[in-house]
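Okay, structure first, notes after.
Every read-out reported here was derived from the displayed coordinates using simple, explicitly stated rules and does not represent laboratory data. The model shown is predicted, which means the values in this text are computed figures rather than measured ones. Using ideal geometry, Cβ is built from the backbone for each residue, glycine included, and neighbour counts are taken over all protein chains shown.
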Number of protein chains: 2
Amino acid sequence: VREVPTTSPRLRTDAAANRAKILEVARETFAAEGLGVPMIEIARRAGLGVATLYRRFPAKEDLVAEAFAGQMGECAGLLDTALADPDPWRAFCRVIAEVCAMQARDRGFSAAFVTAFPHTVEFGALRERAERGFAELVRRAQAAGALRRDFDPADLALILLANGGIRAGTPEATEDASRRLVAYLLQAFRADRAAPLPRPAAIPLDAALQ
Amino acid sequence: VREVPTTSPRLRTDAAANRAKILEVARETFAAEGLGVPMIEIARRAGLGVATLYRRFPAKEDLVAEAFAGQMGECAGLLDTALADPDPWRAFCRVIAEVCAMQARDRGFSAAFVTAFPHTVEFGALRERAERGFAELVRRAQAAGALRRDFDPADLALILLANGGIRAGTPEATEDASRRLVAYLLQAFRADRAAPLPRPAAIPLDAALQ
């Protein structure tokens, strides 16, 4: 038998189809069940051998990074939009509301975002950029007198943990419940409503959503 | 061999010791890991055969009910105290703060409280009594003008879900973080700080903490 050259159009088409199928299955699975699902199970659900999966994605972190690349971009865009908003309180509220809505819709994304995979440089860089951007939003909203002065950027981990705890019977009910929680919290964050609080919880963002 | 009569003092002492050991292990295990831990694992950790465990507690719900009987009483007492408090806003805040602190300390208890075991009559009755008592506290705090009018008794499930999501690195960090979340939420619940909210989430309390 003649060996098929790796550049044959047929093989390229199959590879592209497999890759697309793997990413689709990975996104759905991680979103519904989190990142704990093993590679062999992703391969099974995609109807492919595990060797094919590992040929396309040599490590799980490669698969995770690729599966959430779109949402990563969305998240980065969301922060850029917020940082360009002339109203710092509106910008702060939008970032919290939109990140919590993403989290309520998709369990995989927030887990991917905070999981410390050792080699995914993009994830670490994105997270650092997000933390810096969020801290800047907090600073501006406090300087404008809208956000209470005892709000701590570390409260973002607290918000994400609390929001991550919301699981109602259906995805729609979960999103509704998350919206109500976020509305309550945003009202509590207003400077004109501030009363003393216990000290901020020392939860690193990494630890918040494993 | 002569069969030991079931009323022998020796057997009664062994039985009592086994029972105490089982309850101690069950409380610790359920608190740290929730109610999902199987009976066989409880027996293993107690250093007893599974037959001995089932002789003392024929069904898991019997074990759960007995293990949390003390906290059940504590919880009922907490509501009675709150209902006797002449300041309805203080009473409302204390109930939320104390129930959330119990939940942060002990994952098993809140799960036990909301789990619908088919035959644990005491649990169902206690839960109904708690729901009625809490609804009465809400009514009084709203009538006093302290609690916002759009606070819904169903928001208790939302609070417990959010608080249940808080898991920091250590038990102390988890309790700190829970206290800060509860302080934010209680400030958001004040009538004089109310701004419009999305509609209440339809989460039955049962569904909130499985």
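Structure above, values below:
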| quantity | calculated |
| --- | --- |
| From phi via Karplus (6.51, -1.76, 1.60), per-residue ³J(HN,Hα) for region A:59-69 in Hz, x at Gly/Pro | 9, 4, 5, 5, 5, 4, 4, 5, 5, 9, 4 |
| Other copies of residue B:50: label-to-label distances in nm, shortest first, labels 7 Å along the beta-carbon direction | 2.8 |
| Set of lysines with alpha-carbon distance to residue A:60 below 22 Å, sequence-local pairs under 8 removed | A:21 |
| Estimated vicinal HN-Hα couplings, Hz - region B:86-97 in sequence order (Karplus 6.51, -1.76, 1.60; Gly, Pro = x) | x, 9, x, 5, 4, 4, 4, 4, 5, 4, 4, 5 |
| Cβ nearest the rotation axis (A onto B), residue from chain A and distance to the nearest whole Å | A:165, 1 |
| Position residue B:66, label points 7 Å along Cα→Cβ, spacing to each other copy in nm (shortest first, one decimal) | 5.5 |
| Nonlocal amide H pairs with residue A:147, under 5 Å, H built at 1.01 Å | A:142, A:191 |
| Cβ-derived FRET efficiency at R0 45 Å, residue B:69 paired with residue B:192, nearest 0.05 | 0.65 |
| Estimated vicinal HN-Hα couplings, Hz - region B:46-52 in sequence order (Karplus 6.51, -1.76, 1.60; Gly, Pro = x) | 7, x, 10, x, 5, 5, 4 |
| Simple label model, 7 Å out from Cα along Cβ direction - residue A:135 to residue A:44, nm | 4.4 nm |
| Amide H contacts of residue A:165 (H built 1.01 Å from N, under 5 Å, at least 5 apart or other chain) | B:165 |
